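I have placed the structure first, in the form of structure tokens, so that the comments after it can refer back to it.
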Amino acid sequence: MARTSSLPFSLPPRGLCRVMSAQYVGVSATLFDEMVSDGRMTG
């Protein structure tokens, strides 16, 4: 049985781990960590 969701596809994901967050924005986890450290990204 297929699982359905009542959330719209346009709703951005929330509560992702740092690795998945990095993948979501298209950078490596290391670069994501650097971006969080210098304020370019909030984590």
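The values are calculated or read from the model by the stated rules, or taken from the named source; none is laboratory data. All values derive from a computational prediction rather than experimental measurement. All Cβ positions, even for glycine, are placed from backbone atoms using ideal geometry, and neighbour counts span all protein chains on display.
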Of the residues in the stretch 16-43, those that are of a type in the set (Val, Ile, Thr) and part of a helix (DSSP H, G or I) come to 19, 25, 30, 36
Over the stretch 20-37, the set of residues under 8 Å from the mean Cα position of the chain (by Cα) and in contact (Cβ under 8 Å) with a residue 12 or more places away in the chain is 21, 25
Condition set polar (S, T, N, Q) and modelled with pLDDT of 85 or more, scope the stretch 1-23, selection nearest to residue 42 (Cα to Cα): answer is 21
